[in-house]
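Worksheet for the structure shown next.
The values are calculated or read from the model by the stated rules, or taken from the named source; none is laboratory data. None of the values given here were measured: they were computed from a predicted structure. Positions of Cβ are generated from backbone atoms using ideal geometry, with glycine treated the same way; all protein chains shown enter the neighbour counts. Heavy atoms of the whole protein, side chains included, go into the accessibility calculation; ligands, DNA and RNA do not. Shrake-Rupley method; radii C 1.70, N 1.55, O 1.52, S 1.80 Å.
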Amino acid sequence: MIQFAFPAFLWALPLLAGPILLHLLQQPHIRHIRFPDIRFLRQTALPREGRRRLHDVLLLLLRLLILASAILLAARPSWIPRRSSTSAATGGHAVILLDCSASMGGHHHLERAKTELLKWGDSLRDHRLTCIKFSDNILIINELENFQELIDLVDDTHADWTAGKPDPALAEALRRLSTPEEDAKLLIVSDFQHSDWQRVQTALPDTIALHLLDCAAPAEANAGIRSIRVNRLPNGRARIWVDAYNYGHEPVSRALTVRIGEQEKTDTLQLPPHGSHRVAMAFDQAPENGTGHAQLDADDYLADDSRDFAIGGIPPVPALLVADKLTSGGLPFVVEALKATQENSALVYDVEMATTQELMACDPASCRFIFLLGAAENAIQDDLERLRDAVEAGAWLFVSPGNPSGGFLRRLERLGLLHGQMKGLALQEGQGIGEILPDSPLGRLFGSQPDQDIHLFPIRRCLRIAYPSASQILVKTLEGLPFLAEESVGKGKVICFSIGLDTSWSDFPLTNSFLPLLRELCAEGIDGDYGVIRLSCGEPLPPALATLPTPPDTRSPGVFRCGKWPVEVTVPLSESTTEREELNGLAVRLQAPRQTTVAMKTASTEDGDHPIPLWPSIGTLLALLLAVELLWRLKLDLRQGAQP
C-alpha cells in the first residue's frame, strides 16, 4: 500500500485542469503567405468549430505529467508492502484499551462498556486480542484467547481511584500494532471525560482502524463534596466547613451528614447548576488527632459523595523572635500575643526567642514567621542574608526600628528586603492611627468604627518613611504617615512597622487591638491547608515524607498520619465532572497525518518491514520530463522561426 508523508498536497491535483484550459485558450500560430492579388479569391465564412481545438496534444500531456509529478513529489509517497503473516491469516490483531479511571466507577459505565463490546463479537472473533487496562498509568495487560475471555475480563473489572491519563496506554497499543496488519484495530472503551482526554499527545498511524466506544450516558448528573476544612476551637471544640458542588446542568437538593465520633449533624444543601453550597457545622467534642466523616446522600457517582477528614493534631506554627536583648524591642509583648489563645482560632505558635548574638545558631529556613524587633541595625550580615533566603522561600518577616536613625531601613534595602526612603522622625505626643486599608485583612477586622482603641492610643515618635508604589500601606497615622507597610519578596513578605513595639514609641502594645492585629497578620500568612497534607489518589507523598521506612499507599482514599502531619488522600476532583470530549474531534487529534508517518516509520523499522520511498524516483522522472519539455519547446520555436 502507498503511504503519503504530506497527504494534504494531494488536494492540488485539481490544478491539472489548468494546462488543459490554457491550451484551449491559446491562439493558433498565424502563417503569413505573400499573394499577388486577391481579385480571384472568393469570400467565405470562417468555420467556428476549429477555434477551440487542442493543439500540440503531446506537449499538453507532457506538461500534465510534469505538474502531477511535482504534486506527488511534494506529498512524499512511500510503498509499504503488505505482510503475509499468521496474524493476517487469523484475521489480524485487535487491542482494546479499557479505561479504569475513577469516573468509570459511576453512572454504570463499566456495564455500558460490556454492552458496547458485545456489539463487536462477530468482528473480533477471528482476531488476536489484547486488553490494556489503564487509569493514571497502565494497570495490567491481558493477552486473550477468545472474545468470551474479553467479556469475562470486563465483568471482573473495577474502577481505580485515580484520574485517567491515556497516553501511556496509547503508546503501548501503538507499539503492539506497529507492524502493518491485514486488519489492525484499536478499540478505546471509555467515558471520554474531558479532563482526562483533552491533553492527549499520542498520534496513531492511519493503518490502524480506530474505534471509540463511548460508555457515558447523555446528560449525566453529579454532585459531590469538593473540600472540607476544620477550624479547631478552644476547649476541644471544632467548626467543620463542607463545600459541595453540582457538576450537572440541573439544580439538585442533597442531604449532608457529618459525623465525629458519636456526634452527627445533618443539613440540606440546595445546589444550583454548576454552583456550590458551603455549610459550617459546630461540634462540641472533636478528639485530638481524630478523624471525621462527611456523607452526601448517594447519586450515580459514589466516589465524591463521601470523604474522611483529619481533626486536630495540627503542628504548631514555628515563629522566631529576635531582639538585641530578650527584654527589648517589644519582644515580651509579641511573645504574649502569639502565645495567647483566641476563641475563633485554633492556631498555636511554637515561639523561639534569640538575641542578635544567638541568631547564628537558629534556623530561619524552618520558621514561618520571623520578627526582627529593633535588631536589624546590630545583626550580623551573614545572619541577615539567611533571613533574606528564608523570606524568598516563603517566610514572613516582621520588622520594627530599634532607634530613630532609621539605620535598619538602609541595611534591609541593600539586601533587597525592603525599599523605602527615610525622611526623618515625627515627634508629636497624641497622634494616633487614622486610616486602615479597607480591602486588607485588618480593614475587615477593625472596620471603620473610629471609637475602637486602635484609633485612640498615643504615638510619641514615628519614622517618616516614603515607600515606592510597589509597597502596600496597610495602616496610616492621623498625619497620613505610613504606620504599617507590606512588600512582597520572592514567595514571602516583609511587614514593616514605623514605630518600635515597646512603650517608648507608643502605647500600642498596651491596647486591646495589639493582639488581634498581630494574630490577623499571621493568620493571613498561613495557608488554609496548613498542618494537613492533602493529596489526590495516585499523587506521591512530599519528598520529606517519602523517605519514611514504610511510606503509606496513596492510591486509595483515606486519612493517616506521617509523623506529626495528618495526610488526607481523596479521589481527584477532575473525575467528578460530567463534561465529555467531542469524539469526532478526538479521533482527528489521535490520527494526525504528519505525526502518523513518523510513528509508522519507527514501527515498521522495528519489525523488519521497511517502507520503500517512491519520491526519489518521482523526482528523477520530474527532472527528465522538464528536460524533454524544454527540448520540445525549443524544437517548436525553431520550426516556427524557420517558416516564412
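Between Arg229 and Asp308, what is 0.36 nm times their sequence separation minus the Cα-Cα distance? Round to one decimal in nm.
Details: separation 79, 0.36 × 79 = 28.44 nm, distance 1.12 nm.
Net length gain for the segment: 27.3 nm.
Sticking with the crude label model, points 7 Å out along Cα→Cβ, report the distance from Arg534 to Leu16 in nm, one decimal please.
The two pseudo-label positions are separated by 6.5 nm.
As an exercise, use a Förster radius of 35 Å and the Cβ-Cβ distance of Thr503 and Arg414 to find the FRET efficiency, rounded to the nearest 0.05. Please list the in-between numbers first.
Working: r = 30 Å, r/R0 = 0.87.
That gives a FRET efficiency of 0.70.
Test of understanding: what is the full-extension gain from Asn378 to Leu456, defined as 0.36 nm times their sequence separation minus their Cα-Cα distance? Intermediate results must be reported in sequence, preceding the final value.
Working: separation 78, 0.36 × 78 = 28.08 nm, distance 3.25 nm.
Value of the extension gain: 24.8 nm.
Give the cross-link partners of Lys185 among the aspartates and glutamates, using a straight C-alpha distance below 13 Å as the criterion and excluding same-chain residues fewer than 8 apart.
Cross-link targets: Asp126, Asp206.
Calculate how large, on average over all directions, the projected area of the Cα convex hull of segment 129-238 is; give the answer in nm² to one decimal. Let's see the in-between values first.
Numbers: hull surface 43.0 nm².
Averaging across all directions leaves 10.8 nm² for the Cα convex hull.
What percent does the relative contact order of segment 214-273 come to when contacts are Cα pairs within less than 8 Å and at least six residues apart? Before the final figure, lay out each step's value.
Values: 91 pairs, mean separation 17.1, N = 60.
Relative contact order for segment 214-273 comes out at 28 percent.
Grab the beta carbon distance between Thr266 and Arg199, set R0 = 45 Å, and tell me the FRET efficiency rounded to 0.05.
Details: r = 40 Å, r/R0 = 0.89.
Calculated value: 0.65.
What is the set of long-range amide H partners of Val348 at a cut-off below 5 Å, with H atoms built 1.01 Å from backbone N?
Correct list: Val317.
Compare Leu10, Leu484 by solvent-accessible area with a 1.4 Å probe and give them largest first, with all protein chains kept in place.
Leu10, Leu484
Can you pull the percent of segment 500-585's accessible area that's carbon plus sulfur, 1.4 Å probe, other chains left in place?
Numbers: 2080 of 3870 Å².
The computed percentage sits at 54.
At 1.4 Å probe size, put Ile141, Ile208 in order of accessible surface, largest to smallest. The partial results should precede the final answer.
Numbers: Ile141 60, Ile208 5 Å².
Of Ile141, Ile208, the descending order of accessible area is Ile141, Ile208.
Quick one: compute the contact order of the chain, relative version, from alpha carbon pairs under 8 angstrom and 6+ residues apart, as a percent. Present the calculation step by step, with values, prior to reporting the outcome.
Details: 1266 pairs, mean separation 97.9, N = 644.
Contact order relative to length: 15 percent.
Within segment 55-78, whose backbone N sits under 20 Å from a point 7 Å along Cα→Cβ of Thr620?
In segment 55-78, the label zone of Thr620 (backbone N under 20 Å from the point 7 Å along Cα→Cβ) covers 65-78.
How large is the convex hull of the Cα atoms of segment 449-510 per residue, expressed in Å³ as a whole number? Before the final figure, lay out the partial values.
Working: hull volume 6.6 nm³, N = 62.
Considering the Cα atoms of segment 449-510, their hull volume per residue is 106 Å³.
Enter the accessible area per residue of the chain (Å², integer; probe 1.4 Å; all protein chains in place). Mind dumping the intermediate values first?
Details: 32820 Å² over 644 residues.
Dividing the accessible area of the chain by its residue count gives 51 Å².
Between Ile151 and Thr341, what FRET efficiency follows from the Cβ-Cβ distance if R0 is 56 Å, with the result rounded to 0.05?
Efficiency, rounded to the nearest 0.05: 0.35.
Can you give me the long-range amide H partners of Asp191? Hydrogens built in the peptide plane at 1.01 Å from N, cutoff under 5 Å, separation of 5 or more residues or another chain.
Amide H neighbours of Asp191: Cys215.
Could you compute how much accessible surface Leu541 exposes when probed at 1.4 Å, giving the result in Å² to the nearest 10?
Approximately 20 Å² of Leu541 is accessible to the 1.4 Å probe.
Can you give me the convex hull volume of the Cα atoms of the chain, divided per residue and expressed in Å³?
Dividing the Cα hull volume of the chain by its residues yields 336 Å³.
Of the heavy-atom accessible surface of segment 95-193 (probe 1.4 angstrom), what whole percent is carbon and sulfur?
Values: 1730 of 3930 Å².
Using a 1.4 Å probe with all protein chains present, segment 95-193 comes out at 44 percent carbon and sulfur.
For segment 120-176, what are the per-bin percents of Cα-Cα distances with bins 10 Å wide, up to the bin holding the maximum?
Here the calculated profile for segment 120-176 is 22, 47, 30, 2.
Working out 0.36 nm times the residue gap between Ala282 and Ala217, then minus their Cα-Cα distance, what length gain in nm do you get to one decimal? Don't jump to the answer; show the numbers that get you there.
Working: separation 65, 0.36 × 65 = 23.40 nm, distance 3.93 nm.
Full extension of this stretch gives 19.5 nm more.
At 1.4 Å probe size, with no ligands or nucleic acids counted, give the accessible surface of Leu16 in Å², nearest ten.
50
State, to one decimal in nm, how far the label point of Ala627 lies from the label point of Ala255, with both points 7 Å from Cα in the Cβ direction.
Those two pseudo-labels are separated by 9.1 nm.
Taking a 1.4 Å probe, which of Trp241, Trp505, Trp161 shows the most accessible area, and what order do the others take after it?
Working: Trp241 75, Trp505 5, Trp161 105 Å².
Output order, biggest surface exposure first: Trp161, Trp241, Trp505.
Compute, for Glu385, the solvent-accessible surface of its heavy atoms (probe 1.4 Å) with the complete set of protein chains present, and express it in square angstrom to the nearest 10.
Spelled out: Glu385, probe radius 1.4 Å, area about 60 Å².
Through the Karplus equation 6.51 cos²θ - 1.76 cosθ + 1.60, θ set to phi - 60°, convert the phi angles of segment 253-264 into ³J(HN,Hα) values in whole Hz; use x for Gly and Pro.
Rounded to whole hertz, the list is 10, 10, 8, 10, 10, 10, 10, 10, x, 8, 7, 8.
About its Cα centre, how strong a charge dipole does the chain have in debye, to the nearest 20, once Lys and Arg get +1 and Asp and Glu get -1 at the Cβ?
Working: 61 positive and 79 negative charges, 872 e Å.
That gives a dipole near 4200 debye.
What lysines could a cross-link reach from Lys564, if we take a straight Cα to Cα line under 24 Å and drop same-chain neighbours fewer than 8 places away?
Lys339
So what is the 222 nm mean residue ellipticity for the chain from helices alone, if each DSSP H run of at least 4 adds -39500 (n - 2.57) and you divide by all residues, rounding to the nearest 500 deg cm²/dmol?
Working: 17 runs with 170 residues, N = 644.
That calculation yields -7500 deg cm²/dmol at 222 nm.
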